[in-house]
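The values are calculated or read from the model by the stated rules, or taken from the named source; none is laboratory data. It should be emphasised that the depicted structure is a prediction, and the values quoted were computed from it without experimental measurement. Ideal geometry is used to build each Cβ from the backbone, glycine not excepted, and the neighbour counts take in all protein chains shown.
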Amino acid sequence: MDWDDLRYFLAIARHGTLSGAARQLGVSQPTVGRRLEALETRLGTRLFQRTPTGYVPTEAGTGLVAGAERMETEALAAERAATGLDVGLEGAVRATSPEWVGQWLLGPHLAHFHDAHPGITVELVTDARLYSLTRREADVAFRFHRFDQNEIAQRRVATVGFGLYAAPAYLARHGTPDFTRGAPGHSLILMNESFGGLGDLPWLLALAHDARHALRTNSRDLQAVACAGGAGLAALPHVMAQARGLVAVDTPTPAPPREIWAGVHRDAQRTPRIRAFLDHMAQAMAR
């Protein structure tokens, strides 16, 4: 069976939709649909049940997943081994990070990297999805936590300081928060509860337990924009808050910092272009 056909099959199985598979594979949705139909025709069986919410593997499809994943493992191992033999500082490096990390911590250093390595094209994907280094969905990943896979080489590249911030106009209207009483009369701009493990959310909720919750969001940038507009107090990275002219608010305890970890598959860590990108960004972010 052709590995290229199975790539399309696995992408659909993992995402449950043609659109999700198309985004992963970098092709159009109709192309994914045609490849699936061709594979089902060759095998003489349906691999997915089409439902209103997506594509669900049939019994035949479920049986094919394990074999397809074994073939994927072998194909990607061979590809990583070949990549590791690449001795040039040319080609593409695909990196992934949370949105604000890409915008505020990586983005400012891309111009200098391009000046130093004009033959390398950087593709920086910034969203909440955890792209797989093992499946070569990305070459380098920047995350807020350590990687738990043994095949990933990793290092801490930065510790990002946070603080409590507000717009000058907000403080002029509402005054300085009284944290001994839980900051009554103030409003908070918070990350969603799904981000409770980030550290700054439980810290701020404990500190300002009597404040109103004006906004919850999954976006640091939206937090900063709302804060700059005077909607309330927000725990933000220093670099983001200072760029927007926000004022630091004194707190009884400091906001917990965030560690940034970079990971690369061990088979690819010696590839010159990948190593050059990772080394450059690690040094720049550590300053």
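A few remarks follow.
- Residue within the stretch 142-151 that is closer than 21 Å to ALA235 by Cα and in contact with a Lys or Arg (Cβ under 8 Å, 6 or more places away or on another chain) present: yes
- Of all residues in the stretch 208-234, those satisfying the criterion of being in a strand (DSSP E or B) and touching a residue at least 60 places away in the same chain (Cβ under 8 Å) are LEU233, ALA234.
- Check on GLN283, without any contact (Cβ under 8 Å) to a residue 40 or more places away in the chain, exposed (fewer than 14 other Cβ atoms within 10 Å of the Cβ), under 22 Å from THR126 (Cα atoms) and not charged (D, E, K, R): yes
- Answer from GLY163, GLY119 - the residue that is in contact with a strand residue (DSSP E or B) (Cβ under 7 Å, 6 or more places away or on another chain) and of a type in the set (Gly, Ala, Ser): GLY163
- Of all residue pairs spaced 6 or more apart or on separate chains, those with beta-carbon atoms under 8 Å, a first member in the stretch 120-140 that is in contact (Cβ under 8 Å) with a residue 60 or more places away in the chain and a second member that is buried (at least 16 other Cβ atoms within 10 Å of the Cβ) and among the acidic types (Asp, Glu) are LEU133/ASP139; ARG135/GLU72.
- Search result, residues across the stretch 222-251 that are in contact with a helix residue (DSSP H, G or I) (Cβ under 6 Å, 6 or more places away or on another chain), surrounded by fewer than 17 Cβ atoms within 10 Å (Cβ to Cβ) and within 28 Å of ARG156 (Cα to Cα): VAL239, ARG244
- Annotation note: of GLY102, GLY119, GLY107, the sole residue that is within 24 Å of ARG220 (Cα to Cα) and either touching a Leu at 6+ places or on another chain (Cβ under 7 Å) or surrounded by fewer than 13 Cβ atoms within 10 Å (Cβ to Cβ) (or both) is GLY102.
- Count - residues of the stretch 30-65 that are over 17 Å from ASP4 (Cβ atoms) and of a type in the set (A, V, I, L, M, F, W, C): 3
- ARG216 vs. criteria basic (Lys, Arg), over 21 Å from GLY161 (Cβ atoms), surrounded by 15 or more Cβ atoms within 10 Å (Cβ to Cβ) and touching a Leu at 6+ places or on another chain (Cβ under 6 Å): yes
Matching residues to (1) within 26 Å of the chain's Cα centre (by Cα); (2) modelled with pLDDT of 90 or more:
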residue	(1), (2)
TRP3	no, no
ARG7	yes, no
ILE12	yes, yes
VAL27	yes, no
GLY33	no, yes
GLN49	no, yes
ASP86	no, no
SER97	yes, yes
GLN103	yes, yes
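- Hey, ALA172 aliphatic (A, V, I, L, M) and assigned by TED's automatic domain parsing to the domain that holds VAL239 or not: yes
- Residue in the stretch 163-180 that is under 30 Å from ASP279 (Cβ atoms), touching a residue at least 60 places away in the same chain (Cβ under 8 Å) and surrounded by fewer than 17 Cβ atoms within 10 Å (Cβ to Cβ) present: no
A quick yes/no check of all residues on (1) over 18 Å from SER132 (Cβ atoms); (2) in a helix (DSSP H, G or I); (3) touching a helix residue (DSSP H, G or I) at 6+ places or on another chain (Cβ under 8 Å):
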residue: ARG7; (1), (2), (3): no, yes, yes
residue: ALA11; (1), (2), (3): no, yes, yes
residue: ARG14; (1), (2), (3): no, yes, yes
residue: SER19; (1), (2), (3): yes, yes, yes
residue: GLN24; (1), (2), (3): no, yes, yes
residue: GLY33; (1), (2), (3): yes, yes, yes
residue: GLU37; (1), (2), (3): yes, yes, no
residue: GLU40; (1), (2), (3): yes, yes, no
residue: ARG46; (1), (2), (3): yes, no, yes
